[in-house]
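The values are calculated or read from the model by the stated rules, or taken from the named source; none is laboratory data. Computed from a prediction, not measured in an experiment: that's the story for all the values here. Reconstructed Cβ throughout: ideal geometry from the backbone, glycine too, with neighbour counts over all protein chains shown.
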Amino acid sequence: MHFAFTEQQLEFQSALRSVLENECTPDHLRAAFADPSADAGRWTTLDEMGVVSLTVPEENGGLGLGLVDLVLLLEEAGRAALPEPLVETTAMAAPVLAALAGRHDRCQRALEALVGGGLKMAVSQSADPLVPVAGALGADAVLMTVVRDGIREIHLVPTNGDGPEVARPEPVSTLDPTRLVGRFTSDPTGSATSIATGDEAERLWGDLEQRAFVATGAFLLGLAERMITITVDYAKDRKQFGQPIGSFQAVKHLLAGAQVKLEFARPCVYAAAWMIDQGDPSAARNASTAKAYASEAATEAARVCLQAHGAIGYTWECDLQLYLKRSWALAEAWGSADDHRQLVLDSLVDEFG
Amino acid sequence: MTEKSMDLHFTADQEAFRLEARHWLTAHVPPAGSLPSLDTAEGFEAHRAWEQTMFADSWSVVAWPREFGGRDVGLLEWLIFEEEYWRAQAPLRVSQNGIFLLAPTLFEFGTPDQQARFLPPMASGAEIWCQGWSEPDAGSDLAGIRSRARRSDSEGGWLLSGQKTWASRGAFAEWCFGLFRTDPEAERHRGLTYFLIDLATPGVTVRPIPQIDGETGFAEIFFEDVFVPDAHVLGDVGQGWNVAMATAGSERGLSLRSPARYTEAARRLVALYASRAGDAKARRLSGDVAQAWMDAEAYRLNTFFTATRVLNGGSVGPEASANKIHWSETDLAIHRTALALLGPDAERHGGHEGNAWLDGYLFALAGPIYAGTNEIQRNVVAERMLGLPRK
């Protein structure tokens, strides 16, 4: 039992934090709100650091690392509310591409583009034209699953080029425009885009979803911590009745409650990442625990941080909104806390019922 | 933080230790619920006998050095033992105030003579301890202690007077550890001294207090010129607050609350849910059942995260307060959910299935109050983890 990160993992985390403190500030986020499709150069920086291809095997040019290595970096991305699709590309899609690269040229080329040029991926749980897909408007390619006649298929679909088998996203207006949400008005999947079917597709997609739960959870941890930090600073500074509002127990207890939730969400996320890397039989249940806990922690942090700010927190001017909006979206993405509680319970009843 | 990679498995030696503990417990633990409540005179002695059974085979204080009756195992092995202890549904520890709260303080501040005098009978259950901290006017504001100790040079010791209250196990315990004011001029945290007091000394009056469940789990203790020799002062005279805070850290943090009691209760909650899974009521409560299990799991994982830090030279600071908030609320949530599942059966008391959950709920209700109320703990989290101003 050694539940800790290595010195190297912690150093990588602090290196990324320094970079994002310069390249992903609230001013940068405001610029992204104004023009979500503008390239701020951050993705290139992350690519050069090896972050984008971190989960790609070394023989394919990546760092060959796992989710335990990635979660701390995703926490940093969350702290900065990074707009670029690190969860989708690095945590979710890259391992699927790597698993199939030997058999599909399409996957091999995508993997090369990911390692060499920072290919941006989106991931879609269906080909339903009504289902919104995060990052669709900025993605170079989409990993998409459909179930036809009870058989799962996974498709790798480009977002540019000619012909029917190209995913052409139509913008969906969302509260946080940096999410670049779109929907695909025609079903772009076909025999040319198919990369896995049947049992293999079930297994690959099931694993992808577990990584999605944990990676999104890690991002939410960072968002929660950032919101609490912003609010603690505000509560130390803002005076009413002649003293900082952070000296009042009513305010202290709100923030302490959020901090306790965050403290206990963290090991849930870290342990689930390790279990996924190990192929542990409890990985699915712990991945759901991680997402449920992180969603609740971020939702609670968002609520009390807005409350502790008072009216200023309700303004466009206040930086808090940049992090609130992302946490609201991600708390629901890849399953809400409620969804995951049901998954956890089903698995528990199977084992202990 | 070393170059060792994360690894949540136990070693083969640790798993062998687990099996050894499991074998012993399987052979010796009395049937679940067969002992009378430890808050009765009869139950107290039955629980003391259980402590002696464990001590005879060196299972009562596994993490202590062998010379005091332990097995000298590490923190992780202790957590493994606790997992097996709770899984076996073994009795509550009547000696818990001594072995979990006082013992860490004795190891840190006690003289070799004090350790040799007090630790073995504590480990065997021959001497059961209670805690004398709270007073009628010093609860959450513990530094408001007024009970006093007067110096008696002629006798080579101190004369204690005043009143302590809410002393768990106090109705039947033999010994009490407590804080008394030795410097009447000093205020608040200064001028306090930590005493080890034989409750059979003349001048001690113990008055049991019936609890919400009707039993006498705690007591108030009156002191009228009670003599305590210098040999029974723990730590330096006037340093009682610092000595006591070491114990408080134990109570709130790692040493008292092993995660196993919650993971085990959560497991039984899932079984209770599964036995009623067809009910509409159970379905409505499914989210609460899952959340209660996850709360216990989060506590377990956080404990191993903290234990790894401690084993690598780190310490438990204000996180102990976050821990205390979390485990006490988890315990409440588990039991409240069980009672909700039981519905009209929940109020039955004495012998029925509802009984164990109801007793557990009553016990859980005390959790957010003792060891520093959760409101005080939230202040600690806000001030010492988040850095919010005290005033």
Original post:
From the residues in region B:184-204 that are among the charged types (D, E, K, R) and modelled with pLDDT under 95, which one is surrounded by the most Cβ atoms within 10 Å (Cβ to Cβ)?
Top reply: B:Arg190
Subject >> Criterion: in contact with a strand residue (DSSP E or B) (Cβ under 9 Å, 6 or more places away or on another chain) and either assigned to a helix (DSSP H, G or I) or crowded, with 17+ Cβ neighbours inside 10 Å (or both) - qualifying residue of B:Thr303, B:Thr330, B:Thr308, B:Thr337 >> reply: B:Thr308
Subject >> Test result for B:Leu269, touching a residue at least 40 places away in the same chain (Cβ under 8 Å), facing chain A (nearest Cβ under 10 Å), in contact with a helix residue (DSSP H, G or I) (Cβ under 9 Å, 6 or more places away or on another chain) and surrounded by fewer than 23 Cβ atoms within 10 Å (Cβ to Cβ) >> reply: no
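Here's the yes/no breakdown for (1) in contact with a Phe, Trp or Tyr (Cβ under 9 Å, 6 or more places away or on another chain); (2) charged (D, E, K, R):
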{"position": "A:Gln8", "(1), (2)": "no, no"}
{"position": "A:Ala15", "(1), (2)": "no, no"}
{"position": "A:Glu21", "(1), (2)": "no, yes"}
{"position": "A:Thr44", "(1), (2)": "no, no"}
{"position": "A:Met49", "(1), (2)": "yes, no"}
{"position": "A:Gly61", "(1), (2)": "no, no"}
{"position": "A:Gly64", "(1), (2)": "no, no"}
{"position": "A:Val71", "(1), (2)": "yes, no"}
{"position": "A:Leu74", "(1), (2)": "yes, no"}
**OP:** Tell me which of these B:Gly317 doesn't satisfy, since it passes every other one: (1) under 20 Å from B:Arg378 (Cβ atoms); (2) surrounded by 16 or more Cβ atoms within 10 Å (Cβ to Cβ).
**Re:** (2)
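Yes/no per residue for (1) crowded, with 17+ Cβ neighbours inside 10 Å; (2) touching a Cys at 6+ places or on another chain (Cβ under 7 Å); (3) of a type in the set (A, V, I, L, M); (4) part of a loop (DSSP other than H, G, I, E, B):
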{"site": "B:Asp13", "(1), (2), (3), (4)": "no, no, no, no"}
{"site": "B:Ala16", "(1), (2), (3), (4)": "no, no, yes, no"}
{"site": "B:Leu19", "(1), (2), (3), (4)": "no, no, yes, no"}
{"site": "B:His23", "(1), (2), (3), (4)": "no, no, no, no"}
{"site": "B:Pro36", "(1), (2), (3), (4)": "no, no, no, yes"}
{"site": "B:Glu42", "(1), (2), (3), (4)": "no, no, no, no"}
{"site": "B:Arg48", "(1), (2), (3), (4)": "yes, no, no, no"}
{"site": "B:Val62", "(1), (2), (3), (4)": "yes, no, yes, yes"}
**OP:** Can you work out which of the residues in region A:241-253 that are aliphatic (A, V, I, L, M) and more than 9 Å from chain B (Cβ to nearest Cβ) is surrounded by the most Cβ atoms within 10 Å (Cβ to Cβ)?
**Re:** A:Ile245
Original post:
Based on what the data block shows, is A:Val269 within 28 Å of B:Arg309 (Cα to Cα), within 9 Å of another protein chain (Cβ to nearest Cβ) and part of a helix (DSSP H, G or I)?
Top reply: no
Original post:
Of these, B:Ile376, B:Ile369, which one is free of Cβ contacts under 8 Å to residues at least 40 places away in the same chain, surrounded by fewer than 22 Cβ atoms within 10 Å (Cβ to Cβ), closer than 22 Å to B:Ala244 by Cα and of a type in the set (A, V, I, L, M, F, W, C)?
Top reply: B:Ile369
Original post:
Which of the strands (runs of 3 or more DSSP E) contained wholly in region A:120-197 include at least 1 residues that are more than 18 Å from the chain's Cα centre (by Cα) and surrounded by fewer than 23 Cβ atoms within 10 Å (Cβ to Cβ)?
Top reply: A:141-148, A:151-158, A:169-171, A:182-184, A:194-197
Original post:
What number goes with the only condition from (1) in contact with a strand residue (DSSP E or B) (Cβ under 6 Å, 6 or more places away or on another chain); (2) more than 11 Å from chain B (Cβ to nearest Cβ) that A:Lys236 does not pass?
Top reply: (2)
**OP:** Considering (1) touching a Pro at 6+ places or on another chain (Cβ under 7 Å); (2) in contact (Cβ under 8 Å) with a residue 24 or more places away in the chain; (3) not hydrophobic (A, V, I, L, M, F, W, C), say which one B:Glu42 fails and leave the rest.
**Re:** (2)
Subject >> Those residues of region B:273-298 which are in contact with a helix residue (DSSP H, G or I) (Cβ under 7 Å, 6 or more places away or on another chain), more than 7 Å from chain A (Cβ to nearest Cβ), farther than 25 Å from B:Ile325 by Cβ and outside any helix (DSSP H, G or I), in sequence order >> reply: B:Arg276
Subject >> Boolean, A:Ala283 is more than 10 Å from every other protein chain (Cβ to nearest Cβ), under 22 Å from A:Ser347 (Cβ atoms) and at pLDDT 95 or above >> reply: yes
Original post:
Looking at (1) within 11 Å of chain B (Cβ to nearest Cβ); (2) within 16 Å of the chain's Cα centre (by Cα), can you tell me which one A:Leu324 breaks?
Top reply: (1)
Original post:
Has region B:123-131 got any residue that is over 18 Å from the mean Cα position of the chain (by Cα) and in a helix (DSSP H, G or I)?
Top reply: no
Original post:
Taking the condition part of a helix (DSSP H, G or I), more than 14 Å from chain B (Cβ to nearest Cβ) and either at pLDDT 95 or above or surrounded by fewer than 16 Cβ atoms within 10 Å (Cβ to Cβ) (or both), does A:Leu54 pass?
Top reply: no
**OP:** Mind listing just one residue for me: the one in region B:129-170 that is crowded, with 23+ Cβ neighbours inside 10 Å and aliphatic (A, V, I, L, M) and, of those, nearest to B:Phe218 (Cα to Cα)?
**Re:** B:Ala167
Subject >> Given (1) more than 12 Å from chain B (Cβ to nearest Cβ); (2) touching a Gly at 6+ places or on another chain (Cβ under 9 Å), number of the condition A:Glu332 does not satisfy >> reply: (2)
Subject >> From B:Gln114, B:Gln89, residue being in a helix (DSSP H, G or I), farther than 20 Å from B:Ala16 by Cα and either in contact with a Leu (Cβ under 9 Å, 6 or more places away or on another chain) or in contact (Cβ under 8 Å) with a residue 60 or more places away in the chain (or both) >> reply: B:Gln114
Original post:
Quick check, is A:Ala81 more than 21 Å from A:Trp316 (Cα to Cα), in contact with a helix residue (DSSP H, G or I) (Cβ under 7 Å, 6 or more places away or on another chain), away from chain B (no Cβ under 14 Å) and not in a helix (DSSP H, G or I)?
Top reply: no
Original post:
In region B:354-391, which residues are within 13 Å of chain A (Cβ to nearest Cβ) and under 23 Å from the mean Cα position of the chain (by Cα)?
Top reply: B:Pro368, B:Thr373, B:Asn374, B:Glu375, B:Ile376, B:Gln377, B:Arg378, B:Asn379, B:Val380, B:Val381
Original post:
Would you pick out the residues in region A:1-22 that are more than 14 Å from chain B (Cβ to nearest Cβ) and surrounded by 16 or more Cβ atoms within 10 Å (Cβ to Cβ)?
Top reply: A:Leu16, A:Arg17, A:Val19, A:Leu20
**OP:** Name every residue in region A:314-337 that is more than 23 Å from A:Ala122 (Cβ to Cβ), free of Cβ contacts under 8 Å to residues at least 40 places away in the same chain and outside any loop (DSSP other than H, G, I, E, B), in order of residue number.
**Re:** A:Tyr314, A:Gln321
Original post:
Any idea which residue in region B:299-323 is nearest to the chain's Cα centre (by Cα), counting only those that are among the aliphatic types (A, V, I, L, M) and facing chain A (nearest Cβ under 7 Å)?
Top reply: B:Ala322
**OP:** Identify all residues within region A:174-225 that are among the basic types (Lys, Arg) and farther than 30 Å from A:Cys24 by Cβ; write none if there are none.
**Re:** A:Arg203
